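The values are calculated or read from the model by the stated rules, or taken from the named source; none is laboratory data. On a predicted model such as this, the values are computed, not experimentally measured, just so you know. A quick note on method: Cβ atoms are made from the backbone with ideal geometry, for glycine too, and the neighbour counts reach across all protein chains shown. Note: areas computed on protein heavy atoms with side chains; ligands, DNA, RNA excluded. Shrake-Rupley method; radii C 1.70, N 1.55, O 1.52, S 1.80 Å.
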Amino acid sequence: QVQVVESGGGQVQAGGSLRLSCSASGDTMCISAMGWYRQAPGKERELVAAITSGGFTHYADSVKGRFTISLDNAKNTQHLEMNTLKSEDTATYYCKARGENSPNCKAFDAWGQGTLVTVSS
């Protein structure tokens, strides 16, 4: 099994920056991709950014050019650099680790508890 824990949320003024981190533990060799999702009050959870173990990245259109996702395979940690934050970025941000079926691993989705990001205008 894999467990993930987020850190780095907080409050920031519009235009500011924050860095979120997510540390994975357990059967980390089974992780094929990690990502960040967010959920604002009254809205559905949405994908913000994702990165594969090979370094391929994907971003939601709303954050392209402002957010950067990175992966430190040696430390089993991913980061989300968030710049030029807007009030609409306010949400609880969740880390997710995904694993696929392989000879030594079973498919899984592991979610963190979430970290709150509040952007004030």
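One table, with the values for the structure above:
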| quantity | calculated |
| --- | --- |
| Qualifying residue in the range 8-15 (condition: touching a residue at least 12 places away in the same chain (Cβ under 8 Å), loosely packed, with under 15 Cβ neighbours inside 10 Å and in a loop (DSSP other than H, G, I, E, B)) | yes |
| All positions within the range 108-121 that are closer than 21 Å to Glu46 by Cα and not in a strand (DSSP E or B) | Gly112, Gln113, Gly114 |
| Counted residues, the range 37-94 - those being under 15 Å from Thr118 (Cβ atoms) and among the aromatic types (Phe, Trp, Tyr) | 1 |
| Where Pro41 falls short, out of the listed (1) modelled with pLDDT under 95; (2) in contact with a Cys (Cβ under 8 Å, 6 or more places away or on another chain); (3) open to solvent by 70 Å² or more (accessible area, probe 1.4 Å); (4) not basic (Lys, Arg) | (2) |
| Subset of the range 44-73 that is open to solvent by less than 50 Å² (accessible area, probe 1.4 Å) and polar (S, T, N, Q) - its residue that is farthest from the chain's Cα centre (by Cα) | Thr52 |
| Ser32 more than 16 Å from Trp111 (Cβ to Cβ) and surrounded by fewer than 19 Cβ atoms within 10 Å (Cβ to Cβ) | no |
| Filter pass, Gly42 being touching a Leu at 6+ places or on another chain (Cβ under 9 Å) and outside any strand (DSSP E or B) | no |
| Of residues in the range 69-107 being at pLDDT 95 or above and part of a helix (DSSP H, G or I), the one nearest to Thr57 (Cα to Cα) | Asp89 |
